[in-house]
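Working notes for the structure below.
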Amino acid sequence: MKSEKSETAIVLHPVLPHALSSVTGNRAVEDVLEEAEGLARAIWLDVLETRAVKVSRPSPATLFGKGGVETIKTLIEELEPTIVIVDHNLSPVQQRNLEEEWNAKVIDRTGLILEIFGARAQTSEGKIQVELAALEYQQSRLVRSWTHLERQRGGAGFMGGPGETQIEMDRRIIRDRITKLRRDLEQIRKTRDLQRKGREKTPFPIIALVGYTNAGKSTLFNKMTKSDVFAKDLLFATLDPTMRQLKLPNAQQVILADTVGFISNLPTHLVAAFRATLEQVQYADVIMHVRDISRHDSPAQRQDVIDVLAGLDIDYDADPRVIEVLNKIDLLHHEHDQHDEKRDALFDPRKIAISALTGEGTAQLMTMIENIVSHDRVRVKYTIPPEDGEALAWLHARTRIIDRKDKEKTIALTVEISPADQGRFEDRFDYGTKKA
């Protein structure tokens with residue numbers, strides 16, 4: 001919730017020589033500025049100005065050159081922002097020096113993303129992960145960079161407010177806290193591993209939604225599952241794992257899992273911190289890459305997602321589980337490259353064009369998912385006594401019922417089933433099969 005007294009920000013993106021820029025990459029500076037401003041607005045900051053600042057030779061002391069520091073200082077004195085956001089990773093020395101030069105609070109890209117994660121995390125595991133990532137980030141910094149933000153905005157309990165005393169944590173206290181948090185996380189992960197092994201005994205196929213942040217994953221999730229997961233035009237609207245059961249057109253049950261949105265230059269330790277959501281992708285039966293096709297930098301966003309998936313040992317081009325969902329076709333108004341890609345999707349079995357908002361194309365998407373999860377299914381017959389309700393329920397939940405004949409003492413079922421599920425069913429219930 002936005003605080004009554006609006007907090008203001010200036011967003012600065014240093015335009016470094018190409019070889020030194022980890023944020024800009026192949027993107028236009030305008031696109032990078034738009035994203036940086038979106039990150040600031042994601043925690044309800046009122047952005048007074050967004051500016052690209054050319055840096056020919058990065059300064060070890062301040063990142064910006066002497067002239068750039070002076071120009072920005074004049075801007076800060078004029079606008080008097082609550083905070084200055086530098087859309088680049090700063091060393092502790094650079095951050096401290098800039099704060100002294102500008103007499104203003106300064107945070108870098110990593111600090112800003114941590115702020116957003118702290119405000120969005122809802123589960124106990126998510127909050128622990130955010131705190132752990134923040135403490136690891138802060139180990140080399142003398143004071144906590146997040147204390148400028150007011151508590152009214154929400155977030156994890158470790159975030160301070162401007163009315164609080166500045167907390168100086170020595171390295172021993174930070175180290176002890178990190179050790180405890182890692183121990184807590186390890187216990188949570190052991191529990192989750194046991195839960196996953198339990199699901200593997202009687203599984204539903206997992207359909208994982210991935211994509212660049214704000215591509216429309218949560219909107220599509222809500223459309224497909226008729227849910228009301230938080231979906232808003234904000235970067236990182238979803239952080240914690242969200243899963244819902246979904247019935248496909250052939251009546252097969254699957255689990256749809258929404259995940260954290262990816263972003264360029266996401267700090268490595270943050271990717272590790274949100275392993276909980278990303279694990280859903282590694283174990284998924286189908287990986288749906290949702291793209292905002294209405295953006296002219298959609299190809300660059302696509303490459304960022306491919307790079308993150310590669311870090312999870314997923315070969316994007318070779319993995320048969322991956323399908324591309326070209327979202328927001330309702331926003332396409334003119335004939336341009338995105339329309340060409342939309343047309344190409346008609347001839348590419350791994351792509352489909354949709355609008356999660358209007359529902360256009362979602363029925364075809366469901367059929368595409370159905371075809372993938374049913375790819376290796378075999379058709380078999382089972383003869384089951386009517387009183388064995390558990391076996392009948394198992395088959396109805398995890399197979400496609402092709403035919404059913406009810407007799408006085410038996411029920412004859414013809415089903416489509418995966419070889420793995422066939423083995424599980426026959427081991428558990430001891431029924432033989434016949435080829436249908």
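We did not get these values from a lab; they are worked out from the coordinates using the rules stated. No experiment lies behind these values; they were computed from the predicted model shown. Every residue, glycine as well, gets a Cβ built from its backbone with ideal geometry; the counts of neighbours run over all protein chains shown.
Structure data summary
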| quantity | calculated |
| --- | --- |
| Distance between modelled label sites at E186 and K54, nm, 7 Å Cα→Cβ extension | 5.2 |
| Out-of-range pairs (alpha-carbon distance over 28 Å; input K66/K127; K381/K409; K190/K381; K66/K105; K105/K190) | K66/K127; K190/K381; K105/K190 |
| Semi-axes of the equivalent ellipsoid for the range 378-435, Cα gyration tensor, largest first, Å | 16, 12, 10 |
| Separation of alpha-carbon centers, the range 339-404 and the range 58-108, rounded to whole Å | 54 |
| Efficiency of FRET from Cβ geometry, D176 and D388, R₀ 56 Å, rounded to 0.05 | 0.50 |
| Gain in span if fully extended, K381 to R244, counting 0.36 nm per residue against the direct Cα distance | 46.3 nm |
| Relative contact order of the range 290-436, defined on C-alpha pairs under 8 angstrom at six or more residues apart (%) | 18 |
| Extended-chain gain in nm, criterion 0.36 nm per residue less alpha-carbon gap, T8 and Q282 | 94.7 nm |
| Residues A28 and E78, FRET efficiency given R0 of 45 Å [Cβ-Cβ distance, rounded to 0.05] | 0.95 |
| Mean Cβ count within 10 Å, highest first, over the residues of peptides 248-257, 59-68 | 248-257, 59-68 |
| Set of aspartates and glutamates near K247 by C-alpha distance (under 18 Å), chain-local residues within fewer than 8 positions excluded | D228, D258, D285, E370, E416, D421 |
| Diffusion constant of the range 8-119 at 25 °C, which comes from Stokes-Einstein with the Kirkwood Cα-pair radius and 0.890 mPa s, µm²/s | 176 |
